[in-house]
1. Is it the case that some residue within the stretch 284-300 is in a loop (DSSP other than H, G, I, E, B), open to solvent by less than 60 Å² (accessible area, probe 1.4 Å) and in contact with a helix residue (DSSP H, G or I) (Cβ under 6 Å, 6 or more places away or on another chain)?
2. May I ask you to verify whether TYR138 is open to solvent by 60 Å² or more (accessible area, probe 1.4 Å), in a strand (DSSP E or B) and either free of Cβ contacts under 8 Å to residues at least 40 places away in the same chain or within 21 Å of GLY225 (Cβ to Cβ) (or both)?
3. Write out, first by first residue and then by second, each pair whose Cβ atoms fall under 7 Å of each other, whose residues are 6+ apart or on separate chains, and whose first residue, in the stretch 27-44, is of a type in the set (D, E, K, R) while the second is at pLDDT 90 or above and exposed (fewer than 15 other Cβ atoms within 10 Å of the Cβ).
4. Among the residues of the stretch 75-103, which ones are in a strand (DSSP E or B) and either farther than 16 Å from HIS47 by Cα or of a type in the set (A, V, I, L, M) (or both)?
5. Out of ASP227, ASP253, report the one residue that is open to solvent by less than 80 Å² (accessible area, probe 1.4 Å), of a type in the set (Asp, Glu), more than 28 Å from ILE141 (Cα to Cα) and out of contact with any helix residue (DSSP H, G or I) (no Cβ under 6 Å at 6 or more places or on another chain).
6. Between LEU155, LEU139, which is of a type outside the set (S, T, N, Q), within 18 Å of LEU209 (Cα to Cα) and at pLDDT 95 or above?
7. Among the residues of the stretch 122-135 satisfying the criterion of being of a type in the set (S, T, N, Q) and surrounded by fewer than 16 Cβ atoms within 10 Å (Cβ to Cβ), which is farthest from GLN226 (Cα to Cα)?
8. Answer yes if at least one residue in the stretch 77-90 is modelled with pLDDT under 90, surrounded by fewer than 16 Cβ atoms within 10 Å (Cβ to Cβ) and over 23 Å from THR113 (Cα atoms), and no otherwise.
Amino acid sequence: MVGDGKIEEESVHQLLDFGDVPIGTSTYKTFQVKNMSSVNANVTISHQISGTVAMDKVFVCKKRQHLIKPHSSISVKIDFLPTIEKMAYTDYFYISPAGFPSQCVVKCIGRSTAPDIKLSSNILSFKYAELGTENKQYLTISNQSNVKTSYQIVLDSTESVFKVDKSCGTLDGKEERTIVVIFVPLQAIPYYKRIPILLHRQEPIFLDLLGSGFTNDIRPARLIGQDLDNFVEKVRTGLSMYPPEVQAGILADDKTTLSPGVPLQDQPPSSQYFTDVQMMTESTTMHVTADIETIDFGKCRTFQKVHHKTVTVTNHTKGRVTAIWNDNLDSVFTVLPTECDIQPYKSASFRVNFHPRRPNQFFGLNLSVLLFISQ
């Protein structure tokens, strides 16, 4: 609520209700000021907000000084430009005739509306997919408000087994768009990835992608949405920190004390996106962590030389974890070893190589590692 204090309603001479206005847009209303006298009247329109800077004034009257001829009137325009989503605003303007101690009060009220972006489904589960084959599903992203907004799907399609055909765009009010999601498995293992979708003037939303690759010799369990729900519940109970083969016995043993956890899905959207370990709350359950999330090789003067740095991955569970990096030997960034078992409460170091093949260029890539408890 914006204002300079409480004003008695009986002292308000005019009420301007701007209604619901999309954030980032503007609208206006006008009111009449009449000169009932037989002489010219100089009128000043003042706008005072105690402790509020000019940029916080969402109600604006550009022309403050007016000369009104006898027995005539003028039209005064007030603009409303909301700056904060889902906010109710109230403000006051004061009309003061020169030479008169009294003043008229105009009360302005208005509300801002924000984008409301929805997905046709928050989870996509692919069927069994043979290694190297392309499998498609379709996702609809829709803007259910009248506020124009932009979106960005945070996914590096060059290195991920999951890809999208339209990673960014703008949605007008009430517009919807179909996005093609592609799954190309590289290993005969189950895949899971949680993708954030950044939105302008709205909290991020998330899309869970599930898939399983297979060969004629290896056919792992197919992941479905219920598996993800079960895992989240196991995180809440503390059971997820144990390997699957002992979980049933732990539940049957009344003497075992579990430490309840907090899954990432229970965190606020902004915390889910900024998953840096240092920004996590102490209660957040972290099964596996990396000591660094960004590697900067800096300026490499010898572009044909292989430069390397190290990243350390730590297993915080009570079971053995297998780490598999998405390996692309043609990339300027590679990781060795590409596959490694990490024992309970132990760490493993991986060498990240940077081999630029062209001079005077910038290089960047998102490297992802798949992790699952080994049996």
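1. Looking through the stretch 284-300, at least one residue is in a loop (DSSP other than H, G, I, E, B), open to solvent by less than 60 Å² (accessible area, probe 1.4 Å) and in contact with a helix residue (DSSP H, G or I) (Cβ under 6 Å, 6 or more places away or on another chain).
2. Numbers: open to solvent by 60 Å² or more (accessible area, probe 1.4 Å): yes; in a strand (DSSP E or B): yes; either free of Cβ contacts under 8 Å to residues at least 40 places away in the same chain or within 21 Å of GLY225 (Cβ to Cβ) (or both): yes.
Taking the combined requirement at face value, the residue satisfies it.
3. Pairs that qualify, where the first residue is of a type in the set (D, E, K, R) and the partner is at pLDDT 90 or above and exposed (fewer than 15 other Cβ atoms within 10 Å of the Cβ), are LYS34/SER73.
4. Narrowing the stretch 75-103 to residues in a strand (DSSP E or B): 75-80, 88-97.
If the condition is that a residue be in a strand (DSSP E or B) and either farther than 16 Å from HIS47 by Cα or of a type in the set (A, V, I, L, M) (or both), then SER75, VAL76, ILE78, ALA88, ILE95 are the ones that fit.
5. Checking each option against the conditions leaves just ASP253.
6. Details: LEU155 fails: at pLDDT 95 or above.
Residue meeting the stated conditions: LEU139.
7. The selected residue is THR133.
8. Looking for residues that are modelled with pLDDT under 90, surrounded by fewer than 16 Cβ atoms within 10 Å (Cβ to Cβ) and over 23 Å from THR113 (Cα atoms), one finds none in the stretch 77-90, hence no.
The values are calculated or read from the model by the stated rules, or taken from the named source; none is laboratory data. Source: prediction; values computed, not measured. Reconstructed Cβ throughout: ideal geometry from the backbone, glycine too, with neighbour counts over all protein chains shown. Quick note on the areas: whole protein, heavy atoms, side chains included, nothing else; ligands and nucleic acids left out. Shrake-Rupley method; radii C 1.70, N 1.55, O 1.52, S 1.80 Å.
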